[in-house]
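Colleague: First the structure, then my questions, so here it is.
The values are calculated or read from the model by the stated rules, or taken from the named source; none is laboratory data. Source: prediction; values computed, not measured. Ideal geometry is used to build each Cβ from the backbone, glycine not excepted, and the neighbour counts take in all protein chains shown.
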Amino acid sequence: MGRSRIRVSPGPHPKPRVEFFKHHLPIVDCTKEWFTLQPTKAHWPFFSRNQISRFDDPQRRYGTFYVGEDIFCCFVEVYGREAGTNIVTETELNSRDLFVVRPTEPIRLVNLSTGYGMKRVGVDNRLCTGDYEVAQHWSRAFYEHRQQPDGLRYRSRYDPSRVCAVVFDRARAKLEVKNLGKLIDNELLFDVLNYYEYGLIKY
């Protein structure tokens, strides 16, 4: 009869160790366009040092901003944060504009969207779904790595089939941004609402 095993909770993700800086990062050159939802009155550049989002700098010395691979990703990252809540109001949709972000030259992103990439640097998906304080320490470690990446590519916590990226402010000169208008006026909005089975409230 086999020995019984006690399953132990993995706990929080560990912070980066000195050995991390010896790893060769799995960097991909990204030339595709990305999208981001920003408050209506926001103006480029969007880089923030607020230390409130997952991969923000814990020391507030460099700025970050977040993008998604498509409108679906942007929607779920902004309006899909409360589990079990599948409604959105017109007021909420009217409060943000959709922007397209186009690299003018390749941006170099550490690829954490695959198991291969994560194993290369010694992390797992708790980094993208768990404690923000730990993730921010990793953000600084990636930023300070000798390969000088422009940001991180990772899977959305709210829809793992979608890919997000956090961009460091060192890549600012590589990006062009265009305002596409309010999300509520976008022709894809109802495709997004149907996909995530969201109700739209006229409020």
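Colleague: Which condition does residue 170 not pass, out of (1) farther than 26 Å from residue 79 by Cβ; (2) at pLDDT 95 or above; (3) in a loop (DSSP other than H, G, I, E, B); (4) charged (D, E, K, R), if it passes all the others?
Modeller: Among (1) farther than 26 Å from residue 79 by Cβ; (2) at pLDDT 95 or above; (3) in a loop (DSSP other than H, G, I, E, B); (4) charged (D, E, K, R), residue 170 violates only (3).
Colleague: Need the failing condition index for residue 190 against (1) touching a residue at least 40 places away in the same chain (Cβ under 8 Å); (2) farther than 17 Å from residue 27 by Cα; (3) among the aromatic types (Phe, Trp, Tyr), just the number.
Modeller: (1)
Colleague: What single numbered condition from (1) farther than 19 Å from residue 26 by Cβ; (2) in a loop (DSSP other than H, G, I, E, B); (3) β-branched (Val, Ile, Thr) fails to hold for residue 123?
Modeller: Of the numbered conditions (1) farther than 19 Å from residue 26 by Cβ; (2) in a loop (DSSP other than H, G, I, E, B); (3) β-branched (Val, Ile, Thr), the odd one out for residue 123 is (1).
Colleague: Does residue 146 satisfy the criteria of being modelled with pLDDT under 95 and of a type outside the set (Val, Ile, Thr)?
Modeller: no
Colleague: Report, by residue number, each residue of the range 38-65 that is of a type outside the set (Gly, Ala, Ser) and farther than 21 Å from residue 139 by Cβ.
Modeller: Those that are of a type outside the set (Gly, Ala, Ser) and farther than 21 Å from residue 139 by Cβ: 39, 40, 41, 43, 44.
Colleague: Of all residues in the range 9-42, count the ones that are of a type outside the set (Asp, Glu), outside any loop (DSSP other than H, G, I, E, B) and more than 21 Å from residue 108 (Cα to Cα).
Modeller: Just the residues of the range 9-42 that are of a type outside the set (Asp, Glu), to begin with: 9-18, 20-28, 30-32, 34-42.
Among the residues that remain, those that are also outside any loop (DSSP other than H, G, I, E, B) are: 18, 20-22, 27-28, 30, 34-39.
When the remaining residues are screened for being more than 21 Å from residue 108 (Cα to Cα), the result is 18, 37-39.
Counting residues in the range 9-42 that are of a type outside the set (Asp, Glu), outside any loop (DSSP other than H, G, I, E, B) and more than 21 Å from residue 108 (Cα to Cα) gives 4.
Colleague: Ok, one more. Search the range 37-81 for residues being surrounded by fewer than 19 Cβ atoms within 10 Å (Cβ to Cβ) and of a type in the set (Val, Ile, Thr), and hand back the single one that is modelled with the highest pLDDT.
Modeller: Among residues in the range 37-81 that are surrounded by fewer than 19 Cβ atoms within 10 Å (Cβ to Cβ) and of a type in the set (Val, Ile, Thr), the one modelled with the highest pLDDT is 52.
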